[in-house]
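Trainee: Here it is, the structure in full.
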Amino acid sequence: MQENGIGASVRRKEDQRFLLGKGRYTDDINVEGQTYACFVRSPHAHAEIEGIDASAATAAPGVVAVLTGDDLAADGIGPLICGVTVTSDDGQPHRAPAHPALAQGKVNYVGDHVAIVIAESLTQARDAAELVEVNYRPLPAVASTADAANDGQQQIHEEAPNNICFNWPFGDKAANDEAFAGAHKVSSIDLVNNRMVTNPMEPRAALGEYNSGTEEITLHLTTQNPHVHRLVLAAFNQLAPEHKLRVVGPDVGGGFGAKIFIYAEELVVGWACRKVNRPVKWTADRTEAFLSDAHGRDHVTRAEMALDENGKFLAMRVLTTANLGAYLSTFATMVPSYLYAFLFAGQYTTPLIYSEVKAVFTNTSPVDASRGAGRPEATYLLERLVDVCAADMGLDPAEIRRRNFIPKDAFPYQTPVVQCYDSGDYEAALDQAMELADYAGFDARAEEARGRGKLRGIGLSSYVEACGIAPSAAVGQLGGGVGLWESAQVRFNPTGNVQVFTGTHSHGQGHETTFAQLVCDQLGVPFENIEVIHGDTAKTQFGMGTYGSRSLAVGGVAIAKACDKLIAKGKKIAAHAMEAAEGDIEFAGGNYTVAGTDKAMNIAEVAFNAYVPHNYPEGVEPGFDENAFFDPMNFSFPAGTHICEVEVDPATGEVEIVDYTAVDDFGKLVNPMIVEGQVHGGIVHGIGQALLEGCHYDKDGQLVTASYMDYAMPRADNAPEFKIDYAPTDPPHNPLGVKGCGEAGAIGAPPAIINAIANAIGAKHVEMPATPETVWRACQSAN
Amino acid sequence: MYEFSYHRPASVAEAAELIANAADGKLVAGGQTLLPTMKHRLASPSDVIDLGGIAELSGIVVNGNIVTIGAMTTHAEVAASSEVREAIPALAALAGNIGDPAVRNRGTLGGSIANNDPAADYPAAVIALGATVRTNRREIAGEDFFTGMFETALEEDEIVVAVDFPRPEAASYMKFENPASRYAIVGVFVARTAAGPRAAVTGATACAHRAFRIEESLQAGFGASALDGFEAPVDKMNSDIHASAEYRAHLVKVMAQRAVAACA
Ligand SMILES: Cc1cc2nc3c(=O)[nH]c(=O)nc-3n(C[C@H](O)[C@H](O)[C@H](O)COP(=O)(O)OP(=O)(O)OC[C@H]3O[C@@H](n4cnc5c(N)ncnc54)[C@H](O)[C@@H]3O)c2cc1C
């Protein structure tokens, strides 16, 4: 192992610039002649637009242009797209109503984009935006997920009768029904997976520049995937041909999914900068972020489990209504379908699983992937249901899990829901977590807490998720419009330092460090001589970006493959220089050696020879720079057990998380410190969902939690010291042996926390967010 | 934010003159409430008169049994003041738990009470401790100062100069925080004074108020159990997405009992 190589907790390279305030985010970038944009947004959840009078705004001081949906349509700029098809139960593709980037006669949620005002200063743009007169005819709004498809509901889109986007049955219903009919016991739960606003710290922003000389558009964006942005904006929105569009995702302050999508503001800014032939900048304020970022979750679910007399799961049934919001965001359809139902087996051998997902439109912000995307929703219902099963069967929650675990010798394990798990040892993680959490000593701690008037509870969650997104062929079969490989370029410079170009994008994950460690380990180049470059379509070859915990598991492997190619090419060059046969050359620790001799040559010297090929093998190209693409053969399946201990104050319903243990299987860890940070952040995200974050629309479709005064984000004092350990298994499909760790905490935590609260107060269920009042009320009815 | 003229007077008299002459003037103290409101374009004063340059508005003085705190004294200063911690520790603790460090380093006593947010902490202390609000024109009894939601007894252009807090025998403030804003969903301030028990409730209703029924219950004996039979009136309580009226009424009792217990 190299110092600073795989397995070392190297401090993050990128933190120097972040801690010195030298980060360069989209809003930090200012260009000559820049103008400022302000969007006119709908104050109504649902309304027809009878007219827009922009004359006063256009005449206001400093205004460059006021552009509306008519201008956009006249220029042939296409609507925003949704990239994944789900087939509805009538055999038709999901209903996909047009999603114009500026409203075409109708608005469908509060914050919907109506016009863009461009001015010399931001204040002038905002002043003028207030002068745009939009004549709305309000319509009744549909705000409730559960009621959206009810008979007689207000229709939102003509193309989607009953506000249904798709009805998606999955599994063998008849066999499932039969198993339920013959079961010893049926346990069930009704639950809501609360809508969340993803809330990356940096709000979304876009800076568009048009060069009339080259006819190129450059868009700086808050994006997790610049090439995907370029592809979609070019191919589907006709913004510019792909080779005339450059998308840059500079430093990005957190994404968590919300910056994957191609948003209206980005397209409109890109289009407007050419139209006014001036650079245009837009940065969301926090209210705009609440209103117009895609939200996450928002399911209403009934889940049932059929059990035999020993507590073995025989069959499971899940009925979900999923809210997709007013329009389909870029990957909206995939989240409550493939990323959700394919995880229903969890860690268990349940042989039959049947589900129905009804995806509905409402007059709310679009809903799409948010940290975990579908997998937190699946895990939450499953791990809550398993606890209900345990209670119904009189079994300890750990025991019922144990009885149903997929045994470690059963891998690869084909679940009944498409996924084939490649590796895992679920019992090992459970044992380790129980040990670390002192599960056995819980009763004594609960007794002690009772003496202080507190109700102490313990909750488990044993999750599995699918990461390393994704094998392209599988994506294609499922109706996805893209391949989900990743690419890399590893370039030696003549002086021996290395530039690594990755198609993934780091927006907080620390790729610049982790990927440098990979290269350091493989090529034996000193860590400080390696630079990782990402986020600019003009610099990096190609890429699909960062989400679904894919960057290391897919992007990292592409880097390793490019390094393999360099090592192989270097063997030829070294063999020639050392006058040995290529077959006798060995490579280790950065040095080429001739087997059985003391002849050696460092890879940096080889690189130099490749650029100054004076004495060079025939038929070998000069240069020391290799490209590689990697398409994974399977998803990766991180898994683990989380154990949460809470204390509830029955007088107020306040919940304190007093202990939290996470034992995860992420395969091999490249940088344990960074992994630990991801685990912490993920769990805190889960704490937010479980205890604090409730995104709330009133019945008229007004977002009443549109600021931090009303929307509760988790803070440091909401979290205890975490106890973290790992129970790794080796994924045979992944050449680096890695699985991905970015989402696990957000997936594992919510059910562990709610299970602990239910255990503490003796209730069957408590809805998220388990606010003090919710818990207080549950205490009242439990007594 | 809309455009405005900025002034920084050096005396209360100068400030009074500036505000009187402004078309639509606003005093700014710590700016923690006023500036966000302006940024959101919900307020558009023609003139902003900054009280930050007026030395006489700042500082803490103890004179016998009276603790006088200048209007421009920040929450952080009150929290850290050894005089306040000695004389009225509950008041220092209250100030030390307002918002976050940034808010405490800017936000002021005068700004807080002049603003009279229904969920603010200081109003409960001003009422329960029987404090007196001194302005550039007169003195106002603490319990008469808070008249309604964001409404006070201040006349147009009247400036809060200081608040006189009498030292109680014992006092305690219990706040049940809104998990998002960390303002009070319910806050109860209880004081044992030579003249008898005093209590005030904030967060629960449209405006902080003196809690006569809690005081009556405590006349019989200053202990938490004296409130066992107390019920706060549900129909007077605020109800919003953070807490229903019923829950707030319940919390008034729980916080009152805890505050009383903490006075012992
Ligand atoms: C994030 C955040 C969290 C907060 N949390 C809490 C909390 O937990 N508890 C709590 O109680 N408060 C809380 N606050 C409010 C804060 O404590 C300030 O007290 C409050 O904002 C007002 O004080 P200020 O000095 O900032 O006043 P400013 O914002 O400057 O002024 C507020 C109003 O008072 C008027 N005013 C100011 N000074 C005077 C004066 N001397 N005479 C007459 N009128 C005057 C102004 O004209 C204005 O109308 C919070 C604020 C923020 C931003």
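The values are calculated or read from the model by the stated rules, or taken from the named source; none is laboratory data. This one's a predicted model, so the numbers in the text were calculated from it and none came from an experiment. Heads up, the Cβs are rebuilt from the backbone with ideal geometry, glycines too, and the neighbour counts pull from every protein chain shown. Heads up: the accessible areas ignore ligands, DNA and RNA and are worked out on the full protein's heavy atoms, side chains in. Shrake-Rupley method; radii C 1.70, N 1.55, O 1.52, S 1.80 Å.
Trainee: Going by the alpha-carbon gyration tensor, a ≥ b ≥ c the square roots of its eigenvalues, is the stretch B:5-52 rounded (a/c under 1.5) or, if a/c is not under 1.5, prolate (a/b greater than b/c) versus oblate?
Mentor: Numbers: a/c = 2.94, a/b = 1.55, b/c = 1.90.
Since a/c reaches 1.5 but b/c is at least a/b, the shape of the stretch B:5-52 is classed as oblate.
Trainee: Quick check: residue separation of residue A:595 and residue A:612 times 0.36 nm, minus the Cα distance between them. What number comes out in nm?
Mentor: On the way: separation 17, 0.36 × 17 = 6.12 nm, distance 2.56 nm.
Roughly 3.6 nm would be gained on extension.
Trainee: About the Cα centre of chain A, what is the dipole size in debye to 20, counting +1 per Lys and Arg Cβ and -1 per Asp and Glu Cβ, all else neutral?
Mentor: On the way: 57 positive and 99 negative charges, 95 e Å.
It works out to roughly 460 debye.
Trainee: Something else about it: Residues in the stretch A:58-74 near a label at residue A:121, defined as backbone nitrogen under 20 Å from the 7 Å Cα→Cβ point?
Mentor: The answer is A:58-66.
Trainee: Next question, about the same structure. Mind running the shape call on the stretch B:82-210? Use the C-alpha gyration tensor, a ≥ b ≥ c as the square roots of the eigenvalues: rounded below 1.5 for a/c, prolate if a/b tops b/c, oblate otherwise.
Mentor: Working: a/c = 1.28, a/b = 1.04, b/c = 1.23.
Since a/c stays below 1.5, the shape of the stretch B:82-210 is classed as rounded.
Trainee: May I pose another question? What Kirkwood hydrodynamic radius, in Å, does the stretch B:213-264 give when the mean of 1/r is taken over all pairs of distinct Cα atoms and then inverted? Please report the intermediate quantities before stating the final value.
Mentor: Numbers: mean 1/r = 0.0874 Å⁻¹.
That comes to 11.4 Å for the stretch B:213-264.
Trainee: In the stretch A:650-671, which residues become less accessible by 50 Å² or more once every protein chain is in place, relative to the chain on its own, using a 1.4 Å probe?
Mentor: Checking the loss per residue gives A:652.
Trainee: For a label point 7 angstrom out from the Cα of residue A:528 toward its Cβ, which stretches of the stretch A:474-511 have the backbone nitrogen within less than 19 Å?
Mentor: A:493, A:495-500
Trainee: Probe of 1.4 angstrom, ligands and nucleic acids ignored: what's the accessible area per residue over the stretch A:467-569, in square angstrom?
Mentor: Values: 2690 Å² over 103 residues.
It amounts to 26 Å² per residue over the stretch A:467-569.
Trainee: Among DSSP beta bridges lying fully in the protein assembly as shown, give the percent that are antiparallel, nearest 5.
Mentor: On the way: 140 of 174 bridges.
Restricted to the protein assembly as shown, the bridges split so that about 80 percent are antiparallel.
Trainee: Can you give me the span-like helices of chain B, meaning DSSP H runs with 20 Å or more of Cα extent along the axis and Kyte-Doolittle mean at or above 0.0? Don't skip to the end; give the middle numbers.
Mentor: Values: long enough: B:245-263 (27 Å, 0.38).
Flagged H segments are B:245-263.
Trainee: With the other protein chains left in place, how much accessible area per residue, in square angstrom, belongs to the stretch A:574-694 at a 1.4 angstrom probe? The partial results should precede the final answer.
Mentor: Numbers: 4520 Å² over 121 residues.
Value for the stretch A:574-694: 37 Å² per residue.
Trainee: Could you give me the ³J(HN,Hα) list for the stretch A:172-185, computed from phi with Karplus coefficients 6.51, -1.76, 1.60 and θ = phi - 60°, whole Hz, x at Gly and Pro?
Mentor: So the J values, rounded to whole Hz, are 8, 5, 4, 4, 5, 4, 5, 4, 5, 4, x, 6, 5, 8.
Trainee: Continuing with the same structure: With a probe of 1.4 Å, find how much accessible area the stretch B:5-52 has per residue, and write the answer as a whole number in Å². Don't skip to the answer; put the middle values down first.
Mentor: Values: 2450 Å² over 48 residues.
So the stretch B:5-52 comes to 51 Å² accessible per residue, rounded to a whole number.
Trainee: Would you calculate, for chain A, the mean residue ellipticity at 222 nm contributed by helices, counting each DSSP H stretch of 4 or more residues as -39,500 (n - 2.57) and dividing by all residues, to the nearest 500?
Mentor: On the way: 20 runs with 208 residues, N = 783.
It comes out at -8000 deg cm²/dmol, rounded to the nearest 500.
Trainee: With solvent modelled as a 1.4 Å probe, how much accessible area in total do chains B and A shield from it at their shared surface, in Å² to the nearest 100? Before the final figure, lay out the partial values.
Mentor: On the way: alone 12030 and 28050 Å², together 38220 Å².
It comes to approximately 1900 Å² buried between B and A.
Trainee: Another one. Would you grab the residues whose amide H sits under 5 Å from the one on residue B:232? Only those 5+ places off in sequence or on another chain, please, with H modelled 1.01 Å from N.
Mentor: For residue B:232, the qualifying residues are B:253.
Trainee: Let me ask another. By how many nm would the segment from residue A:150 to residue A:214 lengthen if fully extended, with 0.36 nm per residue of separation less the alpha-carbon distance? Could you put the intermediate results ahead of the total?
Mentor: On the way: separation 64, 0.36 × 64 = 23.04 nm, distance 5.34 nm.
That works out to 17.7 nm of additional length.
Trainee: Anything losing 30 Å² or more of accessible area from the isolated chain to the full protein assembly: pick those residues out of the stretch B:164-184, probe 1.4 Å, ligands and DNA/RNA ignored.
Mentor: In the stretch B:164-184, residues shielded by partner chains: B:176, B:179, B:180, B:181, B:182.
Trainee: I've got another one for you. Please compute the contact order of the stretch B:5-52 in relative form: average sequence separation of alpha-carbon pairs under 8 Å and at least six residues apart, divided by the residue count, as a percent.
Mentor: Values: 61 pairs, mean separation 27.0, N = 48.
56 percent.
Trainee: Tabulate in residue order the Karplus-calculated ³J(HN,Hα) for the stretch A:370-376, using 6.51 cos²θ - 1.76 cosθ + 1.60 with θ = phi - 60°, rounded to whole Hz; enter x for Gly and Pro.
Mentor: 9, 2, x, 6, x, 6, x
Trainee: Shifting gears a bit: To the nearest 0.05, what FRET efficiency results for residue A:135 and residue A:15 with a Förster distance of 60 Å applied to their C-beta separation? Intermediate values should be presented prior to the final figure.
Mentor: On the way: r = 51 Å, r/R0 = 0.86.
After rounding to 0.05, the efficiency reads 0.70.
Trainee: Which value in nm describes the separation of the simple spin-label points at residue A:188 and residue B:20, placed 7 Å from the Cα toward the beta carbon?
Mentor: 7.5 nm
Trainee: Same structure, new question: Dividing the Cα radius of gyration by the Kirkwood radius, what Rg/Rh value follows for the stretch A:567-682?
Mentor: 1.35
Trainee: In 5 Å bins starting at zero, report the fraction of Cα pairs in chain B per bin as a rounded %.
Mentor: 1, 6, 13, 18, 19, 16, 12, 8, 4, 2, 1, 0
Trainee: Which whole-angstrom value gives the distance between the alpha carbon centres of the stretch A:145-162 and the stretch A:291-316?
Mentor: Distance between centres, Cα-based: 24 Å.
Trainee: Please report the carbon-and-sulfur percent of the accessible area for the protein assembly as shown; probe 1.4 Å, protein heavy atoms only, DNA, RNA and ligands left out. List each step's numbers first, then the result.
Mentor: Values: 19010 of 38220 Å².
The computed percentage sits at 50.
Trainee: Moving on. Hey, if you put +1 on the Cβ of every Lys and Arg and -1 on every Asp and Glu Cβ in chain A, which of A:347, A:623, A:4 ends up farthest toward the positive end of that dipole?
Mentor: Going by the charge dipole, the pick is A:623.
Trainee: Report the one residue of B:32, B:10, B:99 whose Cα lies farthest in the direction of the positive end of the charge dipole of chain B (charges on C-beta: Lys and Arg +1, Asp and Glu -1; origin at the Cα centre).
Mentor: Farthest towards the positive pole: B:99.
Trainee: Still on this structure, please answer the following. Mind listing the phi-derived Karplus ³J(HN,Hα) values for the stretch A:695-712, rounded to whole Hz, using 6.51, -1.76 and 1.60 with θ = phi - 60°, and x for any glycine or proline?
Mentor: 8, 10, 9, 7, 5, 8, x, 7, 7, 8, 10, 9, 8, 6, 6, 10, 9, 8
Trainee: Another question, then. What residues does the stretch A:694-719 have that are buried by at least 50 Å² of accessible area in the full protein assembly compared to the chain on its own, 1.4 angstrom probe?
Mentor: With the partner chains in place, the stretch A:694-719 has these residues losing at least 50 Å²: A:709, A:715.
Trainee: Could you pull out every residue, at least 5 positions away or on a different chain, whose amide H is within less than 5 Å of the one on residue A:165? Hs are placed 1.01 Å off N in the peptide plane, and Pro or chain starts have none.
Mentor: A:359, A:360, A:361
Trainee: Enumerate the lysines that residue A:185 could reach by cross-link, defined here as Cα to Cα under 21 Å, with residues fewer than 8 away along the same chain left out.
Mentor: Reachable lysines: A:173, A:312, A:764.
Trainee: Under the rule of at least 5 residues apart or a separate chain, name every residue whose amide H is placed under 5 Å from the amide H of residue A:257.
Mentor: Hits under the 5 Å cutoff: A:371.
Trainee: Here is a follow-up. For chain A, what does the alpha-carbon gyration tensor say about shape, rounded, prolate or oblate, given a ≥ b ≥ c as the root eigenvalues, a/c under 1.5 as rounded, and a/b over b/c as prolate? Spell out each step's value before the answer.
Mentor: Numbers: a/c = 1.78, a/b = 1.07, b/c = 1.66.
In terms of gyration-tensor shape, oblate.
Trainee: Right, another one. Show me A:423-433, A:135-145 ranked by packing, highest mean number of other Cβ atoms within 10 Å first. Kindly include the intermediate steps, with their values, before the conclusion.
Mentor: Details: A:423-433: 21.9, A:135-145: 18.4.
The densest-packed peptide leads the list: A:423-433, A:135-145.
Trainee: Also, I was wondering about something else. Using 0.36 nm per residue of separation minus the Cα-Cα distance, give me the extension gain between residue A:177 and residue A:448 in nm, one decimal. It would help to have the intermediate numbers written out before the result.
Mentor: Details: separation 271, 0.36 × 271 = 97.56 nm, distance 4.60 nm.
Additional length available on full extension: 93.0 nm.
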